[in-house]
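Some notes on the structure that comes next.
The values are calculated or read from the model by the stated rules, or taken from the named source; none is laboratory data. Since the model is a prediction, treat every value here as computed from it, not as a measurement. Neighbour counts are summed over all protein chains in view; Cβ atoms, including those assigned to glycine, are modelled from backbone coordinates with ideal geometry.
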Amino acid sequence: MSGANASRGRFITLEGVDGAGKSTHVGWIAERIRSRGQEVVVTREPGGTPLGEQLRKLVLGEAMHIDTETLLMFAARREHLEQVIQPALQAGKWVISDRFTDATFAYQGGGRQMAAARIAILEDWVQGAFQPDLTFVFDVPTDVAAGRRGGREPASPGAASASDRFERENLAFFERVRDGYLRRAAQFPRRMKVINANRALESIQKELEEYLVVS
Ligand code: TYD
C-alpha cells in the first residue's frame, strides 16, 4: 500500500452503518492476519484508550451540539493515535480499528449534515496526512441494517440498552450516513473498498481475503 514500508505495520479500518455486520468481521480479519505470523492490535472508535472510552460513553449517551459531538470524536481520536495506533504501527504490528475518521465524515458529515470542509480541518489538525492503509466499507440497504439493529439484545442481563443515541436515529439519517460512506469511497477508491455485506458470510470473507492477500 502507498506510503508503507516493510518495517511498519498496516492500519486497517472497518466502516459501515450500524447493523451492516462490521463487528462480525473484525475478529475474522484479525485471525487471518495473525495466521500469517503478524502481531495484531484490535481496537475501536470512539474509544480505544481509557479516556477515549469515557468520551465514548458521553458522546453515545448525552444530547449535545453537533460541533461538540464532532470535537469529542476527534479528541478521542487524538488520544487513540498517540497511545495505541502510532506506537503499534511503529513496532511493526498491524492495527485493525472498528471505525476511524471516515465515520466522522459519514455520521457527522452525512448523517448530521456538517460541512465536510469543517471536518477536514479537524482531520488535518489531529492526523495531518495520516490515513489508514486499507478501509472496508460494509454496505447494506438501509432497511436491512435497520432489521439487524432491531434484533440486538443487551450483552448481558442488567447491561445498558443495546441502542445508543445514533442507533435511535431514523431511516433518513442512516440513508445519509450510507451515502456519506459511498461518496467518500468514490473519492478514495484505492484505500476504501466497498463490500456488499448483504450476502452470505463466506462470500464476504472470500472477497476480504482477496484484498488482504495483496496488502
Ligand atoms: P459502533 O462501535 O459501531 O457501535 P456498536 O458498539 O453499537 O456496534 O459505533 C458507535 C457509534 O458511534 C456509531 O453509531 C457511529 C458513531 N460514530 C460517529 O458518529 N462518528 C465517529 O467519528 C465514530 C468513530 C463513530
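Restricting attention to the range 73-129, report how many residues are small (Gly, Ala, Ser) and touching a Lys or Arg at 6+ places or on another chain (Cβ under 8 Å). Steps first, answer last, please.
If we filter the range 73-129 for residues that are small (Gly, Ala, Ser), which is where we start, we get 75-76, 88, 91-92, 97, 103, 106, 109-111, 115-117, 120, 128-129.
Adding the requirement that they be touching a Lys or Arg at 6+ places or on another chain (Cβ under 8 Å) leaves 76, 92, 97, 106, 110-111.
Matching residues across the range 73-129 total 6.
So if I check each of Ala172, Ala197, which one is modelled with pLDDT of 95 or more and within 20 Å of Ser97 (Cα to Cα)? None of the other options fit; the residue is Ala197.
With the condition kept exactly as written, say whether any residue in the range 86-104 is among the hydrophobic types (A, V, I, L, M, F, W, C) and without any contact (Cβ under 8 Å) to a residue 12 or more places away in the chain. Within the range 86-104 (the criterion being among the hydrophobic types (A, V, I, L, M, F, W, C) and without any contact (Cβ under 8 Å) to a residue 12 or more places away in the chain), the answer is no, since none of the residues qualifies. Of the helices (runs of 4 or more DSSP H) lying entirely inside the range 1-103, those containing at least 1 residues that are away from the ligand (no atom under 16 Å from the Cβ) and within 30 Å of Gly150 (Cα to Cα) are 22-34, 50-61. A residue that is surrounded by 18 or more Cβ atoms within 10 Å (Cβ to Cβ), of a type in the set (S, T, N, Q) and in contact with a Gly (Cβ under 9 Å, 6 or more places away or on another chain) cannot be found anywhere in the range 7-17.
If you go through the range 191-204 and keep only what is assigned to a helix (DSSP H, G or I) and either surrounded by fewer than 16 Cβ atoms within 10 Å (Cβ to Cβ) or among the acidic types (Asp, Glu) (or both), you end up with Leu201, Glu202, Ser203.
When Glu69, Glu39, Glu79, Glu45 are screened for being over 19 Å from Gln108 (Cα atoms), of a type in the set (Asp, Glu) and surrounded by 14 or more Cβ atoms within 10 Å (Cβ to Cβ), only Glu79 passes.
Only one of the listed residues (Arg149, Arg183) is at pLDDT below 90, outside any loop (DSSP other than H, G, I, E, B) and surrounded by 11 or more Cβ atoms within 10 Å (Cβ to Cβ). That residue is Arg149.
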